[in-house]
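Notes for the one structure printed next.
The values are calculated or read from the model by the stated rules, or taken from the named source; none is laboratory data. Not measured: the values here are computed from a predicted model. With ideal geometry, Cβ positions are generated from the backbone for all residues, glycine too; neighbour counts draw on all protein chains shown.
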Amino acid sequence: MEQASAAALPVILCVILLFGFFRGVDVFDAFLAGAKEGLRTTLGILPTLIGLMLAVAVVRDSGLLDILCGLARPLAEAVGVQPELLPLAVLRPISGSGSSAYTLSLLEEFGPDSGAGRMASVLAASTETTFYAITVYFGSCGIKKLSYSVPAGLLGDAAALAFTVLTVQLFS
């Protein structure tokens, strides 16, 4: 099995080259054109990505994350959300790597079979890094108006949190 997966990429590349050859496409020129377009797209969204990374660092290092979680704690406890999940629920729409690290710390602290571990696993797998996705996808297309996208994405993340709690409690 390992040998098959190691050979997959070279086989795919050979198929692409052969397909281009038989279709009369100059594959190398097509590759160069695609690489140039990829660099243009990267340079176009780079300022937005830098701003997003700065915002994540500010939220995490300023203590704003702790304040937001403290404010949401009474409501979360009233609806059955374990308080340990609040930082994950706040971080996940902003930062994939930050939320992954926090999920890992929850699994190490409580164990994967605990209520918090199960909820953290389901929540991390069922939500999106909303702001990152909007930054990359909309930034690459030059879309500036986000009046519906951000609320819809955050509503989806809130629904994922609610259904995480409901599902884990129902099947535990």
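Considering only segment 123-148, state which residues are in a helix (DSSP H, G or I), touching a residue at least 24 places away in the same chain (Cβ under 8 Å) and over 14 Å from the mean Cα position of the chain (by Cα). Those that are in a helix (DSSP H, G or I), touching a residue at least 24 places away in the same chain (Cβ under 8 Å) and over 14 Å from the mean Cα position of the chain (by Cα): G139, S140.
There is no residue in segment 79-95 that is hydrophobic (A, V, I, L, M, F, W, C), exposed (fewer than 14 other Cβ atoms within 10 Å of the Cβ) and without any contact (Cβ under 8 Å) to a residue 60 or more places away in the chain. Counting just the residues of segment 118-172 that are hydroxyl-bearing (S, T, Y) and under 17 Å from Q82 (Cβ atoms), which one comes out surrounded by the fewest Cβ atoms within 10 Å (Cβ to Cβ)? Checking each candidate, the answer is S172.
Within segment 83-104, not a single residue is of a type in the set (K, R), part of a helix (DSSP H, G or I) and either at pLDDT 85 or above or farther than 16 Å from A160 by Cα (or both).
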